[in-house]
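Contents: one structure, followed by commentary.
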Amino acid sequence: MIKVGDIVHFKKERTAKYGKEGGSYEYKFNLNDRFKIESLYNAGCCGVKNLEDGTTHFITSMDEYLMSVEDWRDSKLNELGL
């Protein structure tokens, strides 16, 4: 179970679209970046902070997209055939 303060990674690619004065932009989540859970909301939503670039994001469907550091490590070892 993911909790506030945990470090997580993305399981699969995701791109967020943000609007701001002067236009909008897309943010592509890097699967190798580390994210810290800053807050948890109901219905599988959370706030995360990217520990590599310092940006914060609101994530929906977190069970579909986020995995623990341990699960990320296991997936990387599987990719290497270990």
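The values are calculated or read from the model by the stated rules, or taken from the named source; none is laboratory data. Note that the structure is a prediction, hence the values are computed from the model and not measured. Because the Cβ atoms are built from the backbone with ideal geometry, glycine has one as well, and the counts that use them run over all protein chains shown.
Is it true that G44 is modelled with pLDDT under 95 and out of contact with any Ser or Thr (no Cβ under 8 Å at 6 or more places or on another chain)? It is false that G44 is modelled with pLDDT under 95 and out of contact with any Ser or Thr (no Cβ under 8 Å at 6 or more places or on another chain). Within the range 40-72, the only residue that satisfies the criterion of being touching a His at 6+ places or on another chain (Cβ under 6 Å) and in contact (Cβ under 8 Å) with a residue 60 or more places away in the chain is W72.
Selection of the range 40-62 for residues being exposed (fewer than 12 other Cβ atoms within 10 Å of the Cβ), of a type in the set (G, A, S) and under 14 Å from I7 (Cα atoms) yields only G54.
Yes/no matrix, rows are residues, columns are (1) at pLDDT 95 or above; (2) farther than 23 Å from R73 by Cα; (3) within 12 Å of the chain's Cα centre (by Cα); (4) not polar (S, T, N, Q):
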site: V8; (1), (2), (3), (4): yes, no, yes, yes
site: K11; (1), (2), (3), (4): no, no, yes, yes
site: K20; (1), (2), (3), (4): no, yes, no, yes
site: F29; (1), (2), (3), (4): yes, no, yes, yes
site: E38; (1), (2), (3), (4): yes, no, yes, yes
site: K49; (1), (2), (3), (4): yes, no, yes, yes
site: G54; (1), (2), (3), (4): yes, no, no, yes
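Of the strands (runs of 3 or more DSSP E) entirely within the chain, those holding at least 1 residues that are at negative phi and in contact with a Phe, Trp or Tyr (Cβ under 7 Å, 6 or more places away or on another chain) occupy 7-10, 15-20, 23-28, 46-50, 56-59, 66-68.
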